[in-house]
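The structure under discussion appears below in the form of structure tokens.
The values are calculated or read from the model by the stated rules, or taken from the named source; none is laboratory data. Nothing here was measured: the structure is a model prediction, and the numbers come from that model. Neighbour counts are summed over all protein chains in view; Cβ atoms, including those assigned to glycine, are modelled from backbone coordinates with ideal geometry.
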Amino acid sequence: MQERGEQGATEGRRGAELPPERWSAQRKTEVVLRLLRGEDLGEVSRELKVSPADLEEWRRVFLETGQQGLKRRSRDPAQRELNRTRAKLGEITMRMELARELLEKRGYGDELKRLLKRGRE
């Protein structure tokens, strides 16, 4: 039987909606090792639905204290929710930027500008 964190991480690769509430130290170590091997932080963040800030913190803690440091509990629930909200906002912003670039490449740049201008009025 898997721990909740391990199960959630596996489901994250298959497109599950919610990240696990808590990650095991072993699972965090596996993620940090992926980053240290050169996988892109943004891609891993989106795949696992963990904010880039959290992944960077796991990497920093791992490099300073090894796996033992990853065993301590995460911040309070309000901080976790704030991190999730920031990650979601970043994802939505990135999607909007990509959509804007695609529309401009397809020749709808002027129309998009008019629509955005009208929306601000």
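So is R59 modelled with pLDDT under 85, part of a helix (DSSP H, G or I), out of contact with any strand residue (DSSP E or B) (no Cβ under 9 Å at 6 or more places or on another chain) and surrounded by 11 or more Cβ atoms within 10 Å (Cβ to Cβ) or not? Write out each step before concluding.
Values: modelled with pLDDT under 85: no; part of a helix (DSSP H, G or I): yes; out of contact with any strand residue (DSSP E or B) (no Cβ under 9 Å at 6 or more places or on another chain): yes; surrounded by 11 or more Cβ atoms within 10 Å (Cβ to Cβ): yes.
Spelling it out, it is not the case that R59 is modelled with pLDDT under 85, part of a helix (DSSP H, G or I), out of contact with any strand residue (DSSP E or B) (no Cβ under 9 Å at 6 or more places or on another chain) and surrounded by 11 or more Cβ atoms within 10 Å (Cβ to Cβ).
Give the residue, chosen from G90, G119, that is at pLDDT below 80 and part of a helix (DSSP H, G or I). Quick ask: steps written out before the conclusion?
Values: G90 fails: at pLDDT below 80.
Sole residue among the options that is at pLDDT below 80 and part of a helix (DSSP H, G or I): G119.
Does region 40-59 hold any residues that are within 22 Å of T85 (Cβ to Cβ) and without any contact (Cβ under 8 Å) to a residue 12 or more places away in the chain, and which are they?
Correct list: G42, E43, E57.
Mind listing whichever residues of region 74-113 are in contact with a helix residue (DSSP H, G or I) (Cβ under 9 Å, 6 or more places away or on another chain), closer than 22 Å to D54 by Cβ and of a type in the set (D, E)?
Passing the criteria: only E91.
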